[in-house]
Amino acid sequence: MKKILIIFVLLLTVSFAFGQRRGQTIKWFSLGLKASVGNSFLLNTDVLEDSKIQPDYFTPAFSYGGRLTFSHGENIGIGIEYLNSSFGQDYGVATDSLAYTKSIDIKTSDITLFFRYSGQKGGYFEIGPRFSTLKSVTEENDIQANFRNTDNLIDYYGPKFTSIVIGTGLSLVRTERVNVNAGVRATYSFSDLNPNKTYYVLDDYVYRPDYIPTATTNPITLKFVLEVNYFFAFWGDASCGRGRLMFFQ
């Protein structure tokens, strides 16, 4: 967390310095609320190559939270987000003796640092790293009533993982104080959810794979995003020639 804050402060410092060299460009500060809904997938090549498994490519994913953004002029923005997210994977299992479905639900808290470029007509592009911390992991199985209720599944997973975030969208409402945006955002985790290989997503006490799993498990999400940003202050030039932070009344 300290490293994240240090990076954010350094980005703010560079942006202020750049703005001063360029002259009288106004720097804006905004707070935002955002929510998103879409699809998630746990990419694992062992699962994809298993003929007895049919992964569901449309498993719901959700997130909500807030953001702080510093904008240099009308085009360049950097910021930090805090989100609560839920994603996972559904599977269909079909062997010679049985058929059933299984689902994994994962909840995380996420901190994202982002760079955003906004065009003159309201479109935007953003990119940045996301740092996630696991909050809970649960599994359900439709042929076992008390499936893994006694297991603390989160112990099998890596407690933290890092993803790349890429998004694009457009502004639906643009006023002096409020900006409403809609867009799409994709994330891909570079980290393996099971780095120690002590657990396999298909090993559920019912289906036992006849191979030794070695592939990584990497979360992927694609979501529609709605965000509302409120501009609460700006950095302008006072009459004495020095810049200062001024809050809207």
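The values are calculated or read from the model by the stated rules, or taken from the named source; none is laboratory data. The structure displayed is predicted, hence computed values, not measured ones. A quick note on method: Cβ atoms are made from the backbone with ideal geometry, for glycine too, and the neighbour counts reach across all protein chains shown.
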**Study point:** Matching residues in the stretch 55-69 - criterion: being among the hydrophobic types (A, V, I, L, M, F, W, C) and either surrounded by 20 or more Cβ atoms within 10 Å (Cβ to Cβ) or out of contact with any Gly (no Cβ under 7 Å at 6 or more places or on another chain) (or both)
**Key:** Phe58, Ala61, Phe62
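Here is a yes/no grid of residues against (1) modelled with pLDDT under 95; (2) surrounded by 13 or more Cβ atoms within 10 Å (Cβ to Cβ):
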| position | (1), (2) |
| --- | --- |
| Met1 | yes, no |
| Ile4 | yes, yes |
| Ala17 | yes, no |
| Arg21 | yes, no |
| Thr25 | yes, yes |
| Ser36 | no, yes |
| Asn39 | no, yes |
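Could you list all residues from the stretch 60-116 that are outside any strand (DSSP E or B), of a type in the set (Gly, Ala, Ser) and closer than 21 Å to Gly169 by Cβ?
Passing the criteria: only Gly73.
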Check your understanding: If you take the residues in the stretch 36-54 that are out of contact with any Gly (no Cβ under 8 Å at 6 or more places or on another chain) and in a strand (DSSP E or B), which one is farthest from Leu222 (Cα to Cα)?
Key -> Leu43
Check your understanding: Looking at (1) more than 27 Å from Ile212 (Cβ to Cβ); (2) exposed (fewer than 14 other Cβ atoms within 10 Å of the Cβ), can you tell me which one Ser51 breaks?
Key -> (1)
Check your understanding: When you go through (1) touching a residue at least 12 places away in the same chain (Cβ under 8 Å); (2) exposed (fewer than 14 other Cβ atoms within 10 Å of the Cβ) one by one for Ala99, which number turns out not to apply?
Key -> (1)
Exercise for review: Could you look through the stretch 207-235, keep only residues that are at pLDDT 85 or above and aliphatic (A, V, I, L, M), and pick out the one that is nearest to Ser163 (Cα to Cα)?
Suggested key: Ile220
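For the structure I just gave you, tell me whether Tyr57 is within 21 Å of Val184 (Cβ to Cβ) and outside any strand (DSSP E or B).
For Tyr57, the condition - within 21 Å of Val184 (Cβ to Cβ) and outside any strand (DSSP E or B) - is met.
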Check your understanding: Counting only residues that are surrounded by 15 or more Cβ atoms within 10 Å (Cβ to Cβ) and of a type in the set (Asp, Glu), which one in the stretch 183-206 is modelled with the lowest pLDDT?
Key -> Asp204
